[in-house]
1. List pairs: first residue in the stretch 114-127 and under 17 Å from LEU389 (Cα atoms) and touching a residue at least 60 places away in the same chain (Cβ under 8 Å), second residue open to solvent by less than 10 Å² (accessible area, probe 1.4 Å) and outside any helix (DSSP H, G or I) anywhere in the structure, Cβ distance under 6 angstrom, at least six positions apart or on different chains.
2. I'd like to check something: does the stretch 168-182 contain any residue that is out of contact with any Ser or Thr (no Cβ under 7 Å at 6 or more places or on another chain), at pLDDT 80 or above and either of a type in the set (Gly, Ala, Ser) or open to solvent by less than 10 Å² (accessible area, probe 1.4 Å) (or both)?
3. Any residue that is within 30 Å of SER382 (Cβ to Cβ), modelled with pLDDT under 85 and outside any loop (DSSP other than H, G, I, E, B) - is there at least one of those in the stretch 231-247?
4. Would you mind stating whether LYS450 is over 25 Å from GLY350 (Cα atoms) and either assigned to a helix (DSSP H, G or I) or free of Cβ contacts under 8 Å to residues at least 24 places away in the same chain (or both)?
5. Return the total of residues in the stretch 369-395 being closer than 16 Å to GLY97 by Cα and open to solvent by 10 Å² or more (accessible area, probe 1.4 Å).
6. Which residues, counting only those in the stretch 68-86, are modelled with pLDDT of 80 or more and either buried (at least 24 other Cβ atoms within 10 Å of the Cβ) or not in a helix (DSSP H, G or I) (or both)?
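The values are calculated or read from the model by the stated rules, or taken from the named source; none is laboratory data. Since the structure is predicted, the reported quantities are computational estimates derived from the model, not experimental observations. Note that we place each Cβ from the backbone using ideal geometry, even for glycine, and neighbour counts take in every protein chain shown. Only protein heavy atoms, including side chains, enter the accessible area calculation; ligands, DNA and RNA are left aside. Shrake-Rupley method; radii C 1.70, N 1.55, O 1.52, S 1.80 Å.
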Amino acid sequence: MTVAGSKGWRLLLTGIVLVGFLALNSVLVTAEPSYSGYNETQENNYVRKALKFLKQNSKPRYEHEWPDLRFGWKIVVGSIFGFLGAAFGSVGGVGGGGIFIPMLALIIGFDPKSSIAVSKCMITGTAAATVCYNIRQRHPTLELPLIDYDLALLFQPLLVLGISIGVSLNVIFADWMITVMLIIIFIGLSTKSFRKGVRTWKKETIKKQEAARVNELNGNANDAVEIRTQREVTTNITGTGNKEVSLIENIRWKELGLLIVVWILILVLQLAKNFHSATCSVEYWVLNSLQIPVAGGVSAYQAICLYKGRTKIASKGDVVANWRVHKLVIHCSIGVLAGILGGILGLGGGFVLGPLFLEMGIPPQVSSATATFAMLFSASMSVIEYYLLKRFPVPYAIYFAVVATISALVGQRVVGKVIKILGRASITIFVLAGMIFVSAISLGGLGIAKTIKMMERNEYMGFDDICAYQP
């Protein structure tokens with residue numbers, strides 16, 4: 001990642017914290033009810049006002065809205081939107097949650113938090129289908145698998161850890177808090193991705209023009225050069241055109257095994273926490289804390305290997321990797337943040353990992369495939385978490401997961417052929433940026449509308465107590 005790119009990510013993270021704090025303070029002050037016993041000094045004490053507002057009621061206030069599963073126009077229209085969201089989401093490597101959640105809330109009729117839970121089921125279906133398709137594919141220009149397993153090993157454990165934290169925060173945070181975070185983060189990420197797409201488009205144009213000039217000067221003798229150059233700039237999702245290898249040879253079994261072990265261990269801790277310990281008991285927090293050494297240990301091991309040069313991110317085509325400590329710390333922190341945001345917002349971690357991988361110099365199709373691969377583990381963990389919390393109706397979840405799975409397979413083939421014909425890897429980046437921007441508009445608008453209604457009705461808009469939460 002360049003110095004400018006690294007600074008950009010740090011500024012984005014700092015802005016998220018500052019703006020979120022200001023928004024929190026502003027809304028708390030605005031929504032605070034008046035109390036006759038308060039003097040003027042107490043009224044101006046924002047800290048006391050915030051604590052008073054957030055502690056108005058320690059009882060859970062959230063009520064789920066689960067419509068009956070019946071065939072009708074809602075199911076038909078919802079299936080169409082779900083199909084399109086999964087198709088484009090699988091190509092961009094973001095899962096499609098930005099389309100799923102508004103569809104589930106506005107068309108099907110779920111409440112916002114249940115919409116997030118069901119969307120996770122759809123994201124898992126999308127990611128599973130995409131991984132099954134990509135796992136046989138090869139890197140477009142190198143003799144490597146399309147999925148970068150070393151990159152996934154660095155980020156996936158942290159994603160799963162972040163998801164576990166994010167699911168709990170989703171129970172605690174109010175809808176307006178989630179909306180503020182979503183709009184700020186998504187606008188920033190979509191802007192960075194769009195700029196990256198423009199730069200990649202310009203580079204592709206230069207390469208294509210150079211290939212055309214060489215071919216024009218040398219005639220048919222250089223047809224092979226044109227074909228080779230075209231293959232370098234044609235970064236279709238499938239990665240076709242390279243030497244075919246067997247599925248067994250195309251999978252890095254050691255890295256895959258470590259990822260599965262981390263997923264299983266954290267799943268076991270989650271099951272023990274939910275079924276064998278009381279919420280907020282000492283055992284509950286101990287089991288939660290044990291996830292840190294499990295996930296952090298594997299990512300730390302991979303980070304040390306990168307730092308000492310024993311491992312490299314080969315998909316970039318680098319012969320020598322130069323990984324500094326501060327760069328690894330930033331990347332790992334963003335990995336945890338991606339999981340936390342994914343758990344809170346009900347979206348796949350790919351909407352953060354995708355732009356990050358692109359800034360690291362990973363080819364667009366490898367970035368999409370690897371982000372989706374990591375997202376499969378994190379999204380499936382969220383599904384199990386939400387299921388244990390009884391946050392979604394199983395029949396609806398199964399139906400829409402099947403729709404998303406079929407759509408992802410279709411999207412990979414159709415969009416992959418379009419990219420191959422046009423010879424533009426940047427299409428993948430523009431799809432990513434577009435999906436993130438559409439998510440910001442749709443989810444942000446949905447959250448703002450709900451927040452306005454709650455303020456008009458003077459409803460409670462503070463934190464919920466996770467210790468008193470009843471699914």
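1. Taking only residues 6 or more apart or on different chains, the pairs are ILE116/GLY346; ALA117/ARG391; SER119/GLY346; LYS120/GLY346.
2. Scanning the stretch 168-182 turns up no residue that is out of contact with any Ser or Thr (no Cβ under 7 Å at 6 or more places or on another chain), at pLDDT 80 or above and either of a type in the set (Gly, Ala, Ser) or open to solvent by less than 10 Å² (accessible area, probe 1.4 Å) (or both).
3. Scanning the stretch 231-247, I find at least one residue that is within 30 Å of SER382 (Cβ to Cβ), modelled with pLDDT under 85 and outside any loop (DSSP other than H, G, I, E, B), so the answer is yes.
4. Values: over 25 Å from GLY350 (Cα atoms): yes; either assigned to a helix (DSSP H, G or I) or free of Cβ contacts under 8 Å to residues at least 24 places away in the same chain (or both): yes.
In short, yes.
5. Residues that pass the stated criteria total 5.
6. The answer is ARG70, PHE71, GLY72, GLY82, GLY85, ALA86.
For (1) touching a residue at least 12 places away in the same chain (Cβ under 8 Å); (2) part of a helix (DSSP H, G or I); (3) among the polar types (S, T, N, Q); (4) more than 30 Å from PRO140 (Cβ to Cβ), each residue gets a yes or a no:
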site	(1), (2), (3), (4)
LEU265	yes, yes, no, yes
ASN274	yes, yes, yes, yes
GLU283	no, yes, no, yes
ASN288	yes, yes, yes, yes
ALA295	yes, yes, no, yes
TYR301	no, yes, no, no
TRP323	yes, no, no, no
LEU328	yes, yes, no, no
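Here is a yes/no grid of residues against (1) outside any loop (DSSP other than H, G, I, E, B); (2) within 22 Å of LEU161 (Cβ to Cβ):
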position: VAL366; (1), (2): yes, no
position: ILE398; (1), (2): yes, no
position: VAL418; (1), (2): yes, no
position: ILE421; (1), (2): yes, no
position: ASN458; (1), (2): no, no
position: CYS467; (1), (2): yes, yes
